[in-house]
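Below is one structure, written out as structure tokens; the observations come after it.
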Ligand code: HEM
């Protein structure tokens, strides 16, 4: 379920054929290794192969929307770019990159938010019981899940000039990895950061900040609140029957298995 909802949401929005969802989801899983902290050679090879397949899929998608434009985001981006850019190839390239970025950013991260949310709330049954009686706090619970275990742990930047952050000197053109999990557990910013507390009203960095702030944050929050509202109503006896299994990754968290029973 955690993997279905994000794929269906982004797939339906971009109007990607349902028959392609399974393949696209698996390519998104494989592609993510390029953004890992210390990927192995075999992970990079897997990622490169997935990237090539995704590139040709989204290039073809742009050409298909050129041939038969509709009322979908890709067709609308093409219309917008055609007004800005006289070179059609350049416009196609820009729209292809945008469609690929939006697709890659969505399913993996949101699936992790949804499965972490279910795991953390079932692990804290008293808080879950309180939430059932105070459903107006569902958005706070989602923010605390995002803070406590961010789906994405690494945000990278290249220094445009020599600079100093805190007491660390960073030379121009050096890449800096910002560790989101550490920032979200900074005791200078959060009281008792290791305690999961859905009432804390967390202001986290899981969607980044500044001009690159996550474009899909409202969609991810909507998916999480839709799932949580439905689970509270339809599965009151849900509980975990075996601890979650995590993929061995640092940058992008992923729960590969979470066994639950409804009693
Ligand atoms: C829980 C789910 C999600 C998380 C944790 C997440 C996290 C992030 C983060 C950390 C960034 C900033 C990267 C940076 O600063 O370098 C980002 C950017 C972005 N996200 Fe998300 N994201 C999520 C869901 C989504 C969804 C559902 C979409 C698409 C509908 C999306 C689209 C984007 C795009 C297009 C950007 C690039 C924005 C820019 O560079 O201006 N994200 N996301």
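The values are calculated or read from the model by the stated rules, or taken from the named source; none is laboratory data. These numbers come from a predicted model, not from an experiment. Methodologically, a virtual Cβ is constructed for each residue, glycine included, from the backbone with ideal geometry; neighbour enumeration extends over all protein chains shown.
Points to keep in mind about this one:
- Among the residues listed as 137, 204, 189, the single one being in a loop (DSSP other than H, G, I, E, B), away from the ligand (no atom under 16 Å from the Cβ) and either free of Cβ contacts under 8 Å to residues at least 24 places away in the same chain or in contact with a helix residue (DSSP H, G or I) (Cβ under 7 Å, 6 or more places away or on another chain) (or both): 189
- Residue match in region 209-222 (condition: more than 12 Å from the ligand (Cβ to nearest atom), loosely packed, with under 13 Cβ neighbours inside 10 Å and not in a helix (DSSP H, G or I)): no
- Of the residues making up region 29-37, at least one is in a loop (DSSP other than H, G, I, E, B) and modelled with pLDDT under 95.
- Residue ID - surrounded by the most Cβ atoms within 10 Å (Cβ to Cβ), chosen from residues in region 146-181 that are in a loop (DSSP other than H, G, I, E, B) and touching a residue at least 40 places away in the same chain (Cβ under 8 Å): 150
- Test: residue in region 100-116 that is modelled with pLDDT of 95 or more, within 16 Å of the ligand (Cβ to nearest atom) and farther than 30 Å from residue 204 by Cα: no
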